[in-house]
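Worksheet: one structure, shown below.
The values are calculated or read from the model by the stated rules, or taken from the named source; none is laboratory data. It should be emphasised that the depicted structure is a prediction, and the values quoted were computed from it without experimental measurement. Glycine gets a Cβ as well: all are built from the backbone with ideal geometry, and neighbour counts include every protein chain shown.
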Amino acid sequence: MIVFDRATGAPCVLSNWHVLNGNVGKIGDTIVQPGPYDDNNITLNVAGTLLRSHLGAAGDCALSKVQQRGYDRSVFELNVVPARMARVALGDKVVKSGRTTAVTRGVVRRVDVMAKINYGIPAGEQAIGCFEIGPDPQDVPADGEISKGGDSGSAWLIFDKGKATDIFAGLHFAGETNGTSDEHALACYPASIQKKLDFVLEPLTTAPTAVQIESIVPRRGYDAGFLGAAVPEPGLSAAQKRDAVNFGRGQTIPYTHFSVCLSAKRRMARYVAWNIDGSRMVALPRRGFSIDPRIDAKYQFGDALYLENRVDRGHIARRADVCWGPVAEAEQANRDSFYFTNIAPQHERFNQSSRKGLWGELENLVFDQADLKDLKLSVVGGPVFGTEDIEYRDALIPRSFWKMIAYLGKDDRLRCAAFILSQEKLLNDLESLDLDPFRIYQVSLAELARKTELNFDLLSDADIISRPELVTRPVGPESLVDTTKAVTEIRSERDIRL
C-alpha cells in the first residue's frame, strides 16, 4: 500500500517490520522489490530506503520511502485507492490482495487481540495489538487459506456491496501457526500504526512544500535584537566551539524564528535560541519528525532512538512558540520545529512530572503575568550535558533541562528569568519535599552558567535573581520561597519571580 510521510509528503511503501526491517535491519537500509525470495537480482530491484519502523503493542509495521521508482496508489488487483481508515467491528467484511494467496475475503471475528509472536533473536517474543479475521463463508478459497507466508504487508480493505471500498481496515502481518487447523489472519489497526509511523493516506497537495516555502521565507534564525534590546546567544567555551556543528561559517544552524547550536559529540542541541511574537501566533497541526537534510545525519539522532521504549521526542523550542507571522512563514517554522536538531530524548515521565505542565507553560505565564512592554519574548534553552547522564542506544539521555526567558518591561528595562528542570538535588532540603522525580528551579544566570558551562555575562545586568530591583511580580503571598537564594524550587506559579 502507498502512503505519504506526514512531514515531507514523500510517497512511501507501507509494510511490516518483519518484512522491511527484521532483526538485522536498520533505518536507512536499501529496500528492494521484488525481494530476495522472488528475484535474486536485488541490485536491480531498488525501490527505496527504510524510513521508520515499529514492532510492539501498536503493531508490526514499517515505512520505506519510494525512490528510483514510479508508483500506482491503487491496491493491486482490487483497483481501489485507500482514502479512509476504519476502526473495524465484529462482523465487518474485508478483502485483501496478497503476494501468495492473491485476492481473498474474510470476516472480522475478534477485536482487541494481543497476539504473542516469536520474531527470533534479538527481538524475541512480542505482543502485537491486532484484530483477527476468519474466512468469509460466502467466498472460501479452494484450499481454505485466506493468507499464507508472503502475504505480510497486505492491506485489508472493507468489503461492501460486492466490492472492495477505499476504506483501509488493517495491515496484515500474520496468520495461524503451523499445525493449527483454525484458519485465520491477523491485522494491525490503521490508527495505531499511523501514530507510530506518522503517515497520511493522501498526498500533501493543499499546503506548500518545504522547497516552495523556503523560496518565499528565508531561514534567518534567531534575532538577538528582536525585543529592541540585545539578547545575545550564550557564549561558548573553546571546547564547545570545537564541538559545534558548523553551518557555513556559523556555529549555529538557522531555522524559521530559531537557531540551533548542535553538539557533534552528543548529536543533539547544546542550546536552541528562539523568538516569540505573542501577538501574531498561528494555530497549526502537528507535523512529522524528520532528519534535517541540510545537516549530516551522523550528527542527528533519528527515529531509531525512540522506537519501542519510554524515550519521548522532546521539543526544545516549543512548536507553538515559533508558529507566528504570515501563514507560510508560520507553517515553515512549524515544520522546522520537528527536525531532530530541535529534539532531545526525554523519559516519558518528563512532561507528566513537570509540576502539572508548569515547565511547558513558563512562556505563557510570562505573557500573562509579567509587566511586558510588548507581547514578545526571546528564549534560550536546552539540555544540561552531565557526566551522570544515562547511556542508552549510543545516546546520553540528559537528566536536566534549562530555559532562560528574556523580555522587555514597560520601563524599557531588559529582564531575564532562568529555570532548570532536573532530577538532581540542587537544594539541601529535598528530604522535606514530595518524591516527584523532576523538579523545577528558578536560578540565577551565574548558577545557570555553572551548570551549562555557557557564558551569560552579557545579560548579567538583566538577571532578576541577582538584581531584585527588576522584580515587578514578586512571589505570591502563600509561597515559602526564600528570595535571597540563587536557587529556589518552583512548586507552583506563585513561587516564580518575574
Condition met for R87 (of a type in the set (K, R) and not in a loop (DSSP other than H, G, I, E, B)): no
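Out of S53, S97, which single residue is surrounded by 12 or more Cβ atoms within 10 Å (Cβ to Cβ), in a strand (DSSP E or B), among the polar types (S, T, N, Q) and at pLDDT 95 or above?
Unique residue meeting the criteria: S97.
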Top-ranked residue of the range 100-130 - restricted to ones that are charged (D, E, K, R) and surrounded by fewer than 17 Cβ atoms within 10 Å (Cβ to Cβ), ranked as farthest from V140 (Cα to Cα): E125
Criterion violated by L171 - all others in (1) more than 24 Å from K65 (Cβ to Cβ); (2) modelled with pLDDT of 95 or more satisfied: (1)
Residue that is farthest from Q369 (Cα to Cα), among those in the range 412-457 that are surrounded by fewer than 14 Cβ atoms within 10 Å (Cβ to Cβ) and either acidic (D, E) or at pLDDT 90 or above (or both): E431
Leading residue by the ranking (surrounded by the most Cβ atoms within 10 Å (Cβ to Cβ)) among those in the range 62-77 that are hydroxyl-bearing (S, T, Y) and assigned to a loop (DSSP other than H, G, I, E, B): S74
Some residue of the range 261-273 being within 22 Å of L63 (Cβ to Cβ) and at pLDDT below 95: no
Residue in the range 293-312 that is closer than 20 Å to N21 by Cβ, among the basic types (K, R), in contact with a strand residue (DSSP E or B) (Cβ under 8 Å, 6 or more places away or on another chain) and surrounded by fewer than 21 Cβ atoms within 10 Å (Cβ to Cβ) present: no
Within the range 136-192, strands (runs of 3 or more DSSP E) holding 3 or more residues that are in contact (Cβ under 8 Å) with a residue 12 or more places away in the chain and either of a type outside the set (A, V, I, L, M) or outside the structural domain of A86 (by TED's automatic domain parsing) (or both): 155-160, 163-175
Failed criterion for P383 (all others in (1) over 19 Å from I343 (Cβ atoms); (2) touching a residue at least 24 places away in the same chain (Cβ under 8 Å); (3) not β-branched (V, I, T) hold): (1)
G153 in contact with a helix residue (DSSP H, G or I) (Cβ under 6 Å, 6 or more places away or on another chain) and either at pLDDT 95 or above or within 17 Å of V19 (Cβ to Cβ) (or both): yes
Among residues of the range 146-192, those that are of a type in the set (F, W, Y) and over 26 Å from the mean Cα position of the chain (by Cα), counted: 2
Residues within the range 100-124 that are more than 23 Å from A89 (Cβ to Cβ) and of a type in the set (G, A, S), tallied: 4
Criterion (in contact (Cβ under 8 Å) with a residue 12 or more places away in the chain, in contact with an Asp or Glu (Cβ under 7 Å, 6 or more places away or on another chain) and of a type in the set (A, V, I, L, M)) met by exactly one of A102, A86, A58: A102
In the range 167-191, the residues that are surrounded by 15 or more Cβ atoms within 10 Å (Cβ to Cβ) and either farther than 21 Å from Y119 by Cα or of a type in the set (S, T, N, Q) (or both): I167, F168, A169, P190
Any hit, the range 52-65, residues being farther than 19 Å from N21 by Cα and assigned by TED's automatic domain parsing to the domain that holds I2: no
Subset of the range 336-358 that is surrounded by fewer than 20 Cβ atoms within 10 Å (Cβ to Cβ) and outside any loop (DSSP other than H, G, I, E, B) - its residue that is modelled with the highest pLDDT: R349
Among the candidates A406, A418, residue that is free of Cβ contacts under 8 Å to residues at least 60 places away in the same chain and not in a loop (DSSP other than H, G, I, E, B): A418
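In this structure, does A333 turn out to be assigned to a helix (DSSP H, G or I), at pLDDT 90 or above and not basic (K, R)?
Details: assigned to a helix (DSSP H, G or I): yes; at pLDDT 90 or above: yes; not basic (K, R): yes.
Considered against the rule, which asks whether it is assigned to a helix (DSSP H, G or I), at pLDDT 90 or above and not basic (K, R), A333 comes out as yes.
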Top-ranked residue of the range 216-274 - restricted to ones that are surrounded by fewer than 24 Cβ atoms within 10 Å (Cβ to Cβ) and polar (S, T, N, Q), ranked as nearest to E391 (Cα to Cα): S263
Counted residues, the range 273-322 - those being assigned to a loop (DSSP other than H, G, I, E, B) and not hydrophobic (A, V, I, L, M, F, W, C): 17
